[in-house]
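A.B. asks: One structure follows; several queries about it will come next.
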Amino acid sequence: MDQYPEQYEPVQYHWFYNQQERGRDSWQPFSRKDSSRLEEAHERVGGGDVDVVVATEGRRYDVRLAERLRYAVYWEQEPSEVRRCSWFHKGNKEMMYTPHTEAISNLLEEAYMVSVTLSEWRRHLVLPTGENVILHNPKLMTQHPVPCRDFPPSPSERTQPRTLKRGVENISVEIPQGEPDTVDHLVFMVHGIGPACDLRMRGIVQCVNEFRSTSLALISSHFSSVEDASDIGCVEFLPINWHKVLHSETTGVDRDIERITLPSISRLRQFGNDTVLDLFFYNSATYCQTIVDTVGSEINRLHSIFLQRQPHFSGGVSVAGHSLGSLILFDLLTNQKPESQGTDLEKTALQQEDLSPSSKSSRSSLKSLEEVLLSSGLEDHLKVLQREEIDLEALMLCSERDLKDLGIPLGPCKKIMSYMKKLEYHSPAGGADQTGPRSQTTERNNSSELRTLIQECPPTTSAVAYQHFDVGIGQVSVHYPQFSFHPKAFFALGSPIGMFLTVRGLKRIDPGYSFPTCGSFYNIFHPFDPVAYRIEPMILPPDVCVPPMLIPHHKGRKRMHLELKEGLTRVGSDLLGSLRMVWQSFSSVPASALAEGGATETAVSPADEMEDCLADQEEEKVLTVGRLNRGRRIDYVLQEKPIESFNEYLFAIQSHLCYWYENSHTTCMVLEENSTCYLQKLGTF
């Protein structure tokens, strides 16, 4: 009886949430910081039904204590169950412990308290599920399954009880300390084609979550010894999902494509419809508008929510895009307008809103609409538009289908759409000031001067219209939304921007061009990525050829196989130079003949060659590459893994998807650029 004398101590609770993985329950612990907050809130309300909301996981999730549910804040996700856990069970073939429900945990805790207080062990307890629990001693407690009443249990069933553990400290689970309360920087991440972002077929939310976890781990490992590490915040990464909206029932594209898809090789065709077709959708004026509207509005929406939940945030905001997502961001950033600029329509609307009542503004808009229709000989349709309260601004947003739905015949529809396109192209709002990169020598962002760069409008029967400029790029003619902030940096991961610009007819980017509202641009790619293309050759003169900048290892060095390869190359160069000198000493004419025959070429020593090589590398470092990245280098290449060097083709697809996971080098570069405090203390990077 006195073999296990001890005093009863209440169990320490820890909060867990249920995360579905491949259709199975996977209980994950909250961080110690979040669990303490949940426990404090639970004790404050006395465990009652009071609806208390606790923000967790960097304020990305809200936990409603009364409901015991965890809700995502920034993206759509099914609510997940939350438990206040103290007792756990695990089978012999299971890897992780599963927490008991709070009701069963209370029963087990009462039985344990009685056993400890009375020093009576081998106590039996029947759970509400019918399972039998035996408390052998404080270190050994088992849970036996319900016996089958129809026929005797097999020997394996009789000998496989489940292990019981009390308290989270007695189970093998990694509990994070918690994220910093301060956010130094915010990064919006836009995915590429298809619903899956990596080889594990995970969506953008899961991939960004892992990217964020890698960032937190790097900050913790590199600044754990810094005295003022508590002052260092984190970088928040938020996902932007446009694929779900494009392929929703609202657009109906999946339904339309399914009707014309052949039944053969169905899985391959379905994969192509879900992924490759996104490239063609983006080059369609109709669906390109849907994509850019979704990305722009979603970024602004999440930015607004973030500021509400982080009222003391004073850091910068950046954007990052993978694959097609980088091209979407490139087009959006190209079409941003500084705050000092703006469309005449926006300025007029603001003036009318401030100085005139709404009725006067409406009459003014309708009067301008009447002038437009009169000048086009379409005044007969004015009453139809006035009945639907369509002014000139609303008319510019209407599609041909909208006009047909109003009962306007095909001919007038075409005339109105043609006039609206010309009005848009020849206005400061829709001209080259939006899409054309600015010249380095003159102020080409002046609207009157940029109008001279506009080519003739395409035929009105064309489904896709493009804008071309001498110093700009060809883009689908859509309305590009404006961000509610000025991005600090733009990161393109595995980006085909260079290829698309070339296909659009742009041979060279003006060295004087920079994004209107974004100061930095980084084109990051894996050397074996089949989708990635460079940007710098489109800016530099044709006779200047420099390799991309090598991104350093997150531990501050090159990978061993790259150092070995570089060393062997250097040794081979030195050996070749030495052999050349020896051969020249044997084959050269005598010294007297040299005096008689005149001077000959001077041999270059390996040391001189090495000095020249180092000089070339120094020139690359000080090379000025346009203004897209404030004169700094733009193209950055990752270091391939040793196994990837054996066969480039075998790892090609994986190389295009490697940016989300198992790649700390990309995360390090984002951290270096995005936070001033990291730049001041990132000596180890």
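The values are calculated or read from the model by the stated rules, or taken from the named source; none is laboratory data. Given the structure is predicted, the values throughout are model-derived calculations rather than measurements. In this analysis, Cβ positions are derived from the backbone assuming ideal geometry, glycine residues included, and neighbour counts consider all displayed protein chains. Ligands, DNA and RNA are stripped out before the accessible areas are found, and what is left, the full protein with its side chains, is counted by its heavy atoms. Shrake-Rupley method; radii C 1.70, N 1.55, O 1.52, S 1.80 Å.
A.B. asks: Please state which of the following conditions TYR71 fails to meet, knowing it meets all the rest: (1) over 30 Å from the mean Cα position of the chain (by Cα); (2) surrounded by 14 or more Cβ atoms within 10 Å (Cβ to Cβ).
C.D. replies: So the condition that TYR71 fails would be (1).
A.B. asks: Just give me the residues in region 76-106 being within 32 Å of the chain's Cα centre (by Cα) and either basic (Lys, Arg) or in a loop (DSSP other than H, G, I, E, B) (or both), in sequence order.
C.D. replies: GLU76, GLN77, GLU78, PRO79, ARG83, MET95, MET96
A.B. asks: Next up: Of all residues being loosely packed, with under 12 Cβ neighbours inside 10 Å and aliphatic (A, V, I, L, M) in region 619-649, which is modelled with the lowest pLDDT? Just the residue, please.
C.D. replies: VAL622
A.B. asks: Consider THR250 against the criteria (1) assigned to a helix (DSSP H, G or I); (2) open to solvent by 50 Å² or more (accessible area, probe 1.4 Å); (3) free of Cβ contacts under 8 Å to residues at least 12 places away in the same chain; (4) closer than 30 Å to SER477 by Cβ: it satisfies all of them except one. Which criterion is unmet?
C.D. replies: (1)
A.B. asks: Provide a single number: the residues in region 115-128 that are open to solvent by 40 Å² or more (accessible area, probe 1.4 Å), free of Cβ contacts under 8 Å to residues at least 24 places away in the same chain and not in a helix (DSSP H, G or I).
C.D. replies: Total meeting the criteria: 5.
A.B. asks: To continue, here is another question. When region 394-428 is examined, which residues are found to be in a loop (DSSP other than H, G, I, E, B) and at pLDDT below 75?
C.D. replies: Correct list: HIS426, SER427, PRO428.
A.B. asks: Looking at this structure, is TYR112 assigned to a loop (DSSP other than H, G, I, E, B) and open to solvent by less than 20 Å² (accessible area, probe 1.4 Å)?
C.D. replies: Values: assigned to a loop (DSSP other than H, G, I, E, B): no; open to solvent by less than 20 Å² (accessible area, probe 1.4 Å): yes.
Criteria not met by TYR112.
A.B. asks: When you scan region 74-95, how many residues do you find that are surrounded by 18 or more Cβ atoms within 10 Å (Cβ to Cβ) and more than 30 Å from LEU164 (Cβ to Cβ)?
C.D. replies: 1
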